Amino acid sequence: MSESRRPRVAGGYDLRVSVPPPPEPITGARLLFSLDPAVSHLNHGSFGAVPIVAQRAQQRLRDEMEADPLRFFTQGLVDRIGHTRRHLASFLGADPDGTALTTNATTGVAVVLQSLGLRPDDEVLTTDHGYGAVDLSVRRECRRTGATHRVLRVPLAATDEEVVQIVRAGLRPGRTRLLVVDQLTSATARLFPVAAIVGVSGEHGIPVLVDAAHAPGMLTASVQSIGADFWVGNLHKWGYAPRGTAVLVVAPQWRERIEPLVVSWEQDSGFPGRLEWQATADYTSWLSAPAGLYTLRSLDVDRVRAHNAALAAYGQRMVGDALGVPPADLPDPGGPTVAMRIVPLPAGLATTLAGARALQTRIAERLATQVAVMAWQGRGWLRVCGQVYNSPDEYQRLAVRLPTLLAQG
Ligand SMILES: Cc1ncc(COP(=O)(O)O)c(C=O)c1O
């Protein structure tokens, strides 16, 4: 296929742009999901989308639970959770004995923070690419304990070597009790060299929590190869699991110190049981998570990864061109399988959280297109994702209509 193309879209628009070709579609993949066909779903990264197979698996488990709740909860549920945990850990290349199921990345982060026993002279170090809710959690734990939250600034265009340098210079041995760093950032869709960062921190004995909310299903690095003290990843984004499925992976030296947010009957069983058993709750999302991975595997994980990354790159170029952003100014996420990309919005637009949310809603309502709009470093950014249910014309439509919508203020 030629490098230069003029995609025609509904309505007869002619986009005179030069973009890399979109990937070959994965035939029939859209039918595996129950997404509203009247909407372009270009934001898989926020809340994922659950394939019908996994939805059905969860429903069957709920049926079983409602047929005899006592039986469901008291006969074999702990073993079934353990079986699921080992399955997910194996997929992620994580130590199954160091892995605990949890509901989401936010909960995993909170568990780690409150297990550290921070004191007033301590500090928690994060970067300015961190996820907003995680920052709020760090801030609250610091307020509660008298510790300090310090934020490292990392330029968007910093190379991996520069990122490692910035982290190295920012660590304060003796004071920094935890470094929180994202594997793939949400607001800036940037891959961080987390294994190297863990190495640098380790030289000073400073533990690292890797927020890998987007990693499972999308990125290829195994959890073991990163070697972090703590690693938390969501299965309910790119791993196609029902929502409420995540894992917290903990290095051996920390396992006994990790305490759940809620104490329940498995408290004395130690890690990971005491984290996982959260009293009466709906455990069916965890138990049906393997059905999500089954869908991913049946599509061929490597093929899905390559497809999604190429489609996100295509969408970024398409939207960027429509907004007059030169290709050189479109941030590169830094990895071959990253399926999220950002485009800078015209100056003055979506520069605050409230402004970003308002614009995201306006795009959803007026263009029937779900994207993420973020405010980062005083600038608005639009993030598109690529997923097997997306097609190139969805990005073309957005590109054609977005400039007019933005011009309307
Ligand atoms: C980098 C990052 N961390 C944490 C989260 C929080 O995930 P959850 O809402 O599942 O806890 C997200 C969600 O998008 C994220 O992008």
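The values are calculated or read from the model by the stated rules, or taken from the named source; none is laboratory data. What you see is a predicted model, and the numbers here were worked out from it, not measured in a lab. Counting neighbours? That spans all protein chains shown, and the Cβs are built from the backbone with ideal geometry, glycine included. We work out accessible area using only protein heavy atoms, side chains counted, and drop any ligands, DNA or RNA first. Shrake-Rupley method; radii C 1.70, N 1.55, O 1.52, S 1.80 Å.
Observations
- Couplings 3J(HN,Hα) for region 285-296, derived from phi with the Karplus relation 6.51 cos²θ - 1.76 cosθ + 1.60 (θ = phi - 60°), are 5, 4, 5, 9, 4, x, 5, x, 5, 4, 4, 4 Hz, where x marks Gly and Pro.
- Taking the square roots of five times each eigenvalue of the Cα gyration tensor of region 56-157, the equivalent ellipsoid has semi-axes of 37, 17, 14 Å, listed largest first.
- The residues of the chain present an accessible area of 42 Å² per residue when probed at 1.4 Å with all protein chains retained.
- Here the dipole of the chain is about 900 debye; that uses its Cα centre as origin and unit charges on the Cβ of Lys and Arg (positive) and Asp and Glu (negative).
- DSSP beta bridges in the chain [antiparallel fraction, %, rounded to 5]: 55
- Here the spin labels are modelled as points 7 Å beyond Cα on the Cα-Cβ line, and at E161 and S225 they lie 2.2 nm apart.
- For the chain, the spherically averaged projection of the C-alpha convex hull amounts to 20.1 nm².
- Residue-normalised convex hull volume from the C-alpha trace of region 186-255: 94 Å³ per residue.
- Under-5 Å amide H pairs with R243, H placed in peptide plane, nonlocal only: none
- Positive-end ranking of P216, V400, V180 along the dipole of the chain, with charges on Cβ about the Cα centre, is headed by V400.
- Between D128 and T27, the distance separating the two model label sites (each 7 Å from Cα on the Cα→Cβ line) works out to 4.9 nm.
- Using θ = phi - 60° and Karplus 6.51 cos²θ - 1.76 cosθ + 1.60, couplings along region 148-158 (whole Hz; Gly, Pro as x): 10, 9, 10, 10, 8, 8, 10, x, 4, 8, 4
- Gained length - D36 relative to Q75, 0.36 nm times residue gap less alpha-carbon distance: 10.2 nm
- T369 long-range amide H proximity, modeled H, under 5 Å: S40, A364
- Take every Cα pair under 8 Å whose residues are at least 6 apart in sequence, average their separation, divide by the length of the chain, and the relative contact order is 21 percent.
- Model label zone, R255; criterion: amide N under 15 Å from point 7 Å along Cα-to-beta-carbon; scope region 94-108: 94-101
- Summary of packing: across the peptides 379-388, 148-157, 67-76, the per-residue average of other C-beta atoms within 10 Å ranks them, highest first, as 379-388, 148-157, 67-76.
- Calculated on the alpha-carbon coordinates, the convex hull of region 262-352 measures out at 188 cubic angstrom per residue.
- Calculated over region 54-294, the projected area of the Cα convex hull averaged across directions stands at 12.4 nm².
- Only protein atoms count toward the accessible area here, which uses a 1.4 Å probe; on region 12-129, the carbon and sulfur part of that area reaches 54 percent.
- Charge context of L235, other residues only, Cβ under 12 angstrom, K/R +1, D/E -1: +3
- Label-point separation in nm, F47 to R139, each point 7 Å along Cα→Cβ: 2.4
- Taking each residue as 0.36 nm, the span from A364 to T404 lengthens on full extension beyond its C-alpha to C-alpha distance by 13.0 nm.
- Across region 308-323, coupling constants 3J(HN,Hα) worked out from phi with the 6.51/-1.76/1.60 Karplus curve, θ = phi - 60°, read 5, 5, 5, 5, 5, 5, 4, x, 4, 5, 4, 5, x, 5, 4, 8 Hz, and Gly and Pro carry x.
- Choice from S115, S201, S269 showing the highest fluctuation, given a GNM over the chain with Cα pairs closer than 10 Å: S269
- Bridges between two residues of region 54-294, per DSSP, are antiparallel at a rate of about 40%.
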